[in-house]
């Protein structure tokens, strides 16, 4: 869930302190969760080029590594840009999302990377907190998606209550 006005203002301040980019409320990135081969029709959609099966998840995080939005339903073979475009279409966020500029804008690119790394760290903490997400999940596909979402909710609760990941 996206933050209310007070939390948005706090996020803006925290993100700006990280790298100087003003007005950032959240950052988007993705990760893959390994799964056991699903078998049946459409199983090949979950198989990556490297020969392992996964689901592709995308999340938007705040400055505290809390997920404000997460989608855990895309097959592992789907490219991240397709999921990004879908997320923008359903949330009308494309106009306000900053993308990396050309190489000539090195200062901006550096600040952008420092800001966006928050979501990468959030996925790292999520997978560290719930080690089952780092090895192939052995559940039916629909249950696997629910497990990922449940872990994200528990991750957010842990963030809210300052529970350290082990």
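Could you list, in sequence order, the residues of the range 105-129 that are farther than 25 Å from residue 19 by Cα and either crowded, with 19+ Cβ neighbours inside 10 Å or in contact (Cβ under 8 Å) with a residue 40 or more places away in the chain (or both)?
The answer is 127, and nothing else.
Being at pLDDT below 85 and surrounded by 14 or more Cβ atoms within 10 Å (Cβ to Cβ) is the filter here; which residues of the range 71-90 pass it?
If the condition is that a residue be at pLDDT below 85 and surrounded by 14 or more Cβ atoms within 10 Å (Cβ to Cβ), then 80, 83, 84, 86, 87, 88 are the ones that fit.
Scan the range 136-166 residue by residue and report those that are out of contact with any strand residue (DSSP E or B) (no Cβ under 6 Å at 6 or more places or on another chain) and farther than 17 Å from residue 59 by Cβ.
Of everything in the range 136-166, those that are out of contact with any strand residue (DSSP E or B) (no Cβ under 6 Å at 6 or more places or on another chain) and farther than 17 Å from residue 59 by Cβ turn out to be 138, 139, 140, 141, 142, 143, 161, 162, 163, 164, 166.
Kindly indicate whether any position in the range 2-17 is in contact with a strand residue (DSSP E or B) (Cβ under 6 Å, 6 or more places away or on another chain), touching a residue at least 12 places away in the same chain (Cβ under 8 Å) and either over 28 Å from residue 107 (Cα atoms) or buried (at least 21 other Cβ atoms within 10 Å of the Cβ) (or both).
yes
Restricting attention to the range 91-116, and to residues there that are touching a strand residue (DSSP E or B) at 6+ places or on another chain (Cβ under 8 Å) and within 24 Å of residue 33 (Cβ to Cβ), which single residue is modelled with the lowest pLDDT?
Taking the range 91-116 and keeping what is touching a strand residue (DSSP E or B) at 6+ places or on another chain (Cβ under 8 Å), we get 91, 97, 115-116.
Within this subset, residues satisfying the condition of being within 24 Å of residue 33 (Cβ to Cβ) are 91, 97, 116.
Working: 91: 65, 97: 59, 116: 86.
It comes out as 97.
Kindly indicate whether any position in the range 50-57 is closer than 21 Å to residue 4 by Cα, touching a strand residue (DSSP E or B) at 6+ places or on another chain (Cβ under 9 Å) and crowded, with 19+ Cβ neighbours inside 10 Å. Break it down stepwise before answering.
Start the filter on the range 50-57 by keeping residues that are closer than 21 Å to residue 4 by Cα, which leaves none.
Looking for residues that are closer than 21 Å to residue 4 by Cα, touching a strand residue (DSSP E or B) at 6+ places or on another chain (Cβ under 9 Å) and crowded, with 19+ Cβ neighbours inside 10 Å, one finds none in the range 50-57, hence no.
Filter the range 21-41 down to the residues that are surrounded by 14 or more Cβ atoms within 10 Å (Cβ to Cβ) and part of a loop (DSSP other than H, G, I, E, B), then identify the one that is farthest from the chain's Cα centre (by Cα). Full working, then the answer.
Step one: filter the range 21-41 for residues surrounded by 14 or more Cβ atoms within 10 Å (Cβ to Cβ), giving 21, 24-36, 38.
Okay, now just the ones that are also part of a loop (DSSP other than H, G, I, E, B), so 21, 24-26, 36, 38.
Values: 21: 20, 24: 16, 25: 14, 26: 11, 36: 21, 38: 23 Å.
Across the range 21-41, the extreme among qualifying residues is 38.
Name the one entry in 47, 61 that is more than 18 Å from the chain's Cα centre (by Cα), touching a residue at least 12 places away in the same chain (Cβ under 8 Å) and surrounded by 13 or more Cβ atoms within 10 Å (Cβ to Cβ).
Only one candidate passes the filter, namely 47.
What number of residues in the range 42-63 are at negative phi, at pLDDT below 85 and part of a loop (DSSP other than H, G, I, E, B)?
Going through the range 42-63 one residue at a time, the tally reaches 3.
Select from the range 155-165 the residues that are farther than 20 Å from residue 32 by Cβ and surrounded by 12 or more Cβ atoms within 10 Å (Cβ to Cβ) and write down the one among them that is farthest from the chain's Cα centre (by Cα).
163
The values are calculated or read from the model by the stated rules, or taken from the named source; none is laboratory data. Not measured: the values here are computed from a predicted model. Virtual Cβ from ideal backbone geometry, glycine too; neighbours counted across all protein chains shown.
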